[in-house]
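Student: Would you mind keeping the following structure in view while I ask a few things?
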Amino acid sequence: MSTYDITIIGSGPGGYVSAIRCAQLGFKTALIEKYDTLGGTCLNVGCIPSKALLDSSEHFHNAKHNFAEHGIEVSGLKANLEQMINRKAEVISQTCNGIKFLMDKNKVDVHYGLGSFVDKNTVKVTDKDGKETILSTKNVIIATGSKPNFFPGMEPDKKRIITSTEALKLSEIPKKLLVIGGGVIGLELGSVYARLGSEVEVIEFADSIIPTMDKALGKELTRVLKKEGFKFNMQHKVQSVTNLGDKVVLKALLLFQTFTQSEMLLKVQCWRTKLKKKVFM
Ligand SMILES: Cc1cc2nc3c(=O)[nH]c(=O)nc-3n(C[C@H](O)[C@H](O)[C@H](O)COP(=O)(O)OP(=O)(O)OC[C@H]3O[C@@H](n4cnc5c(N)ncnc54)[C@H](O)[C@@H]3O)c2cc1C
């Protein structure tokens, strides 16, 4: 049985950075990852692949809209999505291999398989073939990350109703794309496809996009994205999303909200909500 000072479950940015630091501090360190490549969501289906596609789509957008102003003429311009996706895969491969190199360089033992606790000082790794390895460890860092979140009635079928993971490997540019949620991930991937020619419409529950950030940022980003052709539906609560085969129907409630203040300026907030149904296709 291998014995470690520290065992880390999950090789995303949380896990691999911890592993490097622990090893640098002289601890015997193990890193467990259930997928075949290191780097977690960020490197495999998150930050890195989305930026690779943003980069490619920006080049296309510039060639289509901005080159002529600089005296650069392009004819027969066409977006080759397959090549963009292949390039993105190459970027992922390079960065994931970079993490493996860092693990080797820092003498971190990588164990591929699903990590689970036997007890607080014993971790079991079960690989794809069901083979089990037991690690004895003084400490454990859990860095298992997160998964996309859905509400009942909007479960993805991974064909027409998709998450960001599928949006990173589409085989064709969609004619129309409805994005549920005006947060950074939806807007980022919406941008990729808007630049490539998709009609993109955002359905957002709050009264502005990127609602957890400064209002001014949301306002400015709305302006920029509208120029790219985005349509926005704020204060809409999605109720259901249905794949009808050749199209998807999304039903949402439009929330009219009015803010009233008491005469004594006591900052009493009174929200009146009227609901109106709206259907998007
Ligand atoms: C499309 C997209 C774009 C994004 N862009 C950005 C960005 O630009 N900037 C930014 O800061 N963030 C961005 N993020 C968010 C970022 O990816 C996450 O915040 C980050 O990956 C979280 O890191 P983590 O290490 O906590 O978890 P993760 O990266 O999710 O890694 C967790 C790892 O643990 C593994 N694991 C889970 N359970 C087990 C188990 N039992 N045994 C073994 N292994 C296990 C998983 O397979 C995974 O590899 C983006 C996310 C998405 C989806």
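Student: If you take the residues of region 138-155 that are polar (S, T, N, Q) and not in a strand (DSSP E or B), which of them is modelled with the lowest pLDDT?
Tutor: Among those that are polar (S, T, N, Q) and not in a strand (DSSP E or B), it is Asn149.
Student: Please work out which residue is nearest to the ligand (Cβ to nearest atom), limiting yourself to region 1-42 and to residues that are farther than 20 Å from Gly115 by Cα and not polar (S, T, N, Q).
Tutor: Among them, the one singled out is Arg21.
Student: Among the numbered criteria (1) under 21 Å from the mean Cα position of the chain (by Cα); (2) without any contact (Cβ under 8 Å) to a residue 24 or more places away in the chain; (3) surrounded by 13 or more Cβ atoms within 10 Å (Cβ to Cβ); (4) not in a helix (DSSP H, G or I), which one does Glu166 miss?
Tutor: (4)
Student: Going by the structure shown, is Leu178 under 16 Å from Val248 (Cα atoms), in contact (Cβ under 8 Å) with a residue 40 or more places away in the chain and either in the same structural domain as His61 (by TED's automatic domain parsing) or surrounded by 19 or more Cβ atoms within 10 Å (Cβ to Cβ) (or both)?
Tutor: Answer is yes for this residue.
Student: Let me ask something else. Looking for whichever is more than 12 Å from the ligand (Cβ to nearest atom) and at pLDDT 95 or above here; the options are Leu187, Leu178. Which one fits?
Tutor: Leu178
Student: Considering only residues that are in a strand (DSSP E or B) and of a type in the set (D, E, K, R), look in region 117-137 and name the one that is nearest to Thr3 (Cα to Cα).
Tutor: Ranking the candidates gives Lys124 first.
Student: Any chance you could count how many residues in region 211-225 are surrounded by 17 or more Cβ atoms within 10 Å (Cβ to Cβ) and within 18 Å of Leu177 (Cβ to Cβ)?
Tutor: Total meeting the criteria: 3.
Student: If you scan region 50-68, which residues turn out to be near the ligand (Cβ under 7 Å from one of its atoms) and of a type outside the set (Ser, Thr, Tyr)?
Tutor: Hit for region 50-68 is Lys51, nothing else.
Student: Still on this model: Kindly evaluate Gly98 against the criterion of being surrounded by fewer than 18 Cβ atoms within 10 Å (Cβ to Cβ) and on the phi > 0 side of the Ramachandran plot.
Tutor: The answer is no for Gly98.
Student: Given the structure, is Ala68 out of contact with any Ser or Thr (no Cβ under 9 Å at 6 or more places or on another chain) and modelled with pLDDT of 95 or more?
Tutor: yes
Student: Additional query: Determine which single condition Thr144 fails, assuming it passes every other condition in (1) touching a residue at least 40 places away in the same chain (Cβ under 8 Å); (2) more than 27 Å from Gly39 (Cβ to Cβ).
Tutor: With (1) touching a residue at least 40 places away in the same chain (Cβ under 8 Å); (2) more than 27 Å from Gly39 (Cβ to Cβ) applied to Thr144, the lone miss is (2).
Student: Here's something else I'd like to know. At least 3 residues that are among the β-branched types (Val, Ile, Thr) in each: list the helices (runs of 4 or more DSSP H) lying fully within region 1-114 that qualify.
Tutor: Helices (runs of 4 or more DSSP H) meeting the threshold: 81-105.
Student: If you don't mind, there's one more thing I want to ask. If you take just the strands (runs of 3 or more DSSP E) that sit entirely in region 211-260, which of them hold at least 1 residues that are outside the structural domain of His65 (by TED's automatic domain parsing) and touching a residue at least 60 places away in the same chain (Cβ under 8 Å)?
Tutor: In region 211-260, 236-243, 248-260 are the strands (runs of 3 or more DSSP E) which contain 1 or more residues that are outside the structural domain of His65 (by TED's automatic domain parsing) and touching a residue at least 60 places away in the same chain (Cβ under 8 Å).
The values are calculated or read from the model by the stated rules, or taken from the named source; none is laboratory data. No experiment lies behind these values; they were computed from the predicted model shown. No Cβ is skipped: glycine too gets one built from the backbone with ideal geometry, and neighbour counts run over all protein chains shown.
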